[in-house]
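Notes for the one structure printed next.
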Amino acid sequence: LHRVAALALVALIALCLAWELHFAPLKPGGSWLVLKVIPLVLPLRSGLKGNLYTLPWTSMMILLYFAEGVMRAWSDPVAEVLPWAIAEIVLSLIYYFCAIFLSLASQESGQAAQQGRKSRGCQSRQIGLRGSVCPACSTAWPSVTIFRSCRSLSYRRFRRKHAPNPPS
């Protein structure tokens, strides 16, 4: 889903550039309105990487492009602008819904992991080992984890067995 969002963002950048420079500029030869692409370029790198932290604020920003598309489709007297406005509306909605669904999915998975940890009495902290499983509650952590304060005998055994040797 993040690839669809990134593709919609790239397509919206290309559409805005082509629209303001070539196909239907406000003034012949292009206009300064082409600078509206700059806010879309800012989250492009992290959007292509699939970074989930940019989705909440870009989903709010993309609504400006949706509003511009609606405004131009409704009020522009030139008939050749209508397909470009509809394309801007569709691309901004695709990005918006992908961003919202990705944000909700990541939030729900984080809450589910937190609930699983709380219900089993585990006090693990995400700090150090990749792909670890808590020996006390068997919670698998897909990201970086070290078991810092699980209160169990198996935790102490795990620490003794896997702890690095102290420098002498």
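The values are calculated or read from the model by the stated rules, or taken from the named source; none is laboratory data. Note that the structure is predicted; figures quoted are calculated from it, not measured. Neighbour counts run over all protein chains shown; Cβ positions are idealised from the backbone, glycine included. Just the protein is used for accessible areas: all its heavy atoms, side chains included, with ligands, DNA and RNA removed. Shrake-Rupley method; radii C 1.70, N 1.55, O 1.52, S 1.80 Å.
Here are some notes:
- Applying the criterion of at least 1 residues that are in contact (Cβ under 8 Å) with a residue 40 or more places away in the chain and of a type in the set (A, V, I, L, M) to the helices (runs of 4 or more DSSP H) found wholly in segment 1-108 leaves 2-18, 44-49, 55-75.
- For segment 10-44, filtering for residues that are open to solvent by 70 Å² or more (accessible area, probe 1.4 Å), under 27 Å from Pro56 (Cβ atoms) and in contact with a helix residue (DSSP H, G or I) (Cβ under 9 Å, 6 or more places away or on another chain) leaves 3.
- Identity of the residue in segment 68-108, surrounded by fewer than 15 Cβ atoms within 10 Å (Cβ to Cβ) and under 18 Å from Ala14 (Cα atoms), that ends up farthest from the chain's Cα centre (by Cα): Glu80
- Scan of segment 45-67 for residues that are over 19 Å from Ser106 (Cβ atoms) and buried (at least 16 other Cβ atoms within 10 Å of the Cβ), ordered by number: Tyr65, Phe66
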